[in-house]
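The values are calculated or read from the model by the stated rules, or taken from the named source; none is laboratory data. From a predicted model like this one, the values you see are computed outputs, not experimental measurements. With ideal geometry, Cβ positions are generated from the backbone for all residues, glycine too; neighbour counts draw on all protein chains shown. Ligands, DNA and RNA are stripped out before the accessible areas are found, and what is left, the full protein with its side chains, is counted by its heavy atoms. Shrake-Rupley method; radii C 1.70, N 1.55, O 1.52, S 1.80 Å.
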Amino acid sequence: MKSDIVVIGGGILGATAAWSLSKEGHRVVILEKGDLVSGASGGNLGKLSVMERQEDWHIPLALESLEQYEELNKSTDIEYCNCGGTMLLQSPALFLAAQQMKEAMDRAGVPLEFSKGESALRHEPNLNLQSIYATVFCPLESVLNPMRATLAFLELA
């Protein structure tokens, strides 16, 4: 097969790179030493986090990824769920660090909800309140089936 570009790796990064390049009209070949989706992309939890992306350059990319996965899920069931996520803070120091994270999230328009005590049970009703100091909830946190998502992007590419 003749190609313009060779992508090395048949996981989610290689699949999305091949998809993006093929949308631009490039002929793409993927090289994978094993089976497609046989590494981490086929066996991770599928967690899509915005809260873990705190750099100003990284947050918009995470938000764009969420939009792409949501759009892909409309045509292919990748088991995408925008269910929100909670970060547990076990000390006042972690609470202060999360407050600093909130500044970056505010700049990007990412909503966060801080809770202490009984109000933390709103999003995580089974929490042991004696083992945490506070929580941070982000409604944009999502999950998907990483194998299905990778295979969908490979199919599109």
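Based on the Kirkwood radius over alpha-carbon pairs, what value in µm²/s does the Stokes-Einstein equation return for the translational diffusion coefficient of region 87-142 at 10 °C and 1.306 mPa s?
Numbers: Rh = 11.6 Å.
Answer, rounded: 137 µm²/s.
By a straight-distance test (C-alpha under 27 Å), which lysines pair with K2 as possible cross-link partners, with residues fewer than eight away in the same chain excluded?
Once the sequence-local lysines are set aside, what remains near K2 is K23, K33.
How big is region 1-65 along each principal axis, measuring the range of its Cα positions in Å and listing the largest first?
On the principal axes, region 1-65 reaches 42, 28, 14 Å in Cα extent.
GluC sites (Glu not before Pro) within region 32-71: which are DSSP loop residues with at most 10 other Cβ atoms inside 10 Å? Intermediate results must be reported in sequence, preceding the final value.
Values: sites: E32, E52, E55, E64, E67, E70, E71; in loops: E32, E52, E55.
Counting only loop positions with at most 10 other Cβ atoms within 10 Å, the GluC sites (Glu not before Pro) in region 32-71 are E55.
Which order do the peptides 4-13, 103-112 take when ranked by the mean count of other beta-carbon atoms within 10 Å per residue, highest first?
On the way: 4-13: 17.0, 103-112: 14.2.
Ranking, from highest mean packing down: 4-13, 103-112.
Taking Cα atoms, how many degrees apart are the long axis of helix 92-108 and the longest axis of the chain, rounded to 10 and kept between 0 and 90?
It works out to around 50 degrees.
As an exercise, identify the trypsin sites (Lys or Arg not before Pro) in region 1-84 lying in DSSP coil whose Cβ has no more than 12 other Cβ atoms within 10 Å. All intermediate terms of the calculation are to be shown ahead of the outcome.
On the way: sites: K2, K23, R27, K33, K47, R53, K74; in loops: K2, R27, K33, R53.
For trypsin sites (Lys or Arg not before Pro) across region 1-84 that sit outside H, G, I, E and B with at most 12 neighbouring Cβ atoms in 10 Å, the list reads K2, R27, K33.
Below 8 Å, C-alpha to C-alpha, sequence gap of six or more: please give me the relative contact order for the chain in percent.
On the way: 246 pairs, mean separation 53.8, N = 157.
Relative contact order of the chain: 34 percent.
For the chain, give the magnitude of the charge dipole about the Cα centre (Cβ charges: +1 Lys/Arg, -1 Asp/Glu; no others), in debye to the nearest 20. Don't jump to the answer; show the numbers that get you there.
Working: 12 positive and 20 negative charges, 42 e Å.
The dipole magnitude comes to about 200 debye.
Can you tell me what percent of all Cα-Cα pairs in the chain are more than 27 Å apart? Write out the running numbers ahead of the final one.
Working: 4519 of 12246 pairs.
Summing the P(r) of the chain above 27 Å gives 37 percent of all pairs.
Straight-line reach from K116: which lysines fall under 27 Å, measuring Cα to Cα and dropping same-chain residues less than 8 apart?
In chain and number order, the partners are K47, K102.
Which whole-number value in Å² is the accessible area per residue of the chain, probe 1.4 Å?
Values: 9470 Å² over 157 residues.
Heavy-atom accessible area per residue stands at 60 Å².
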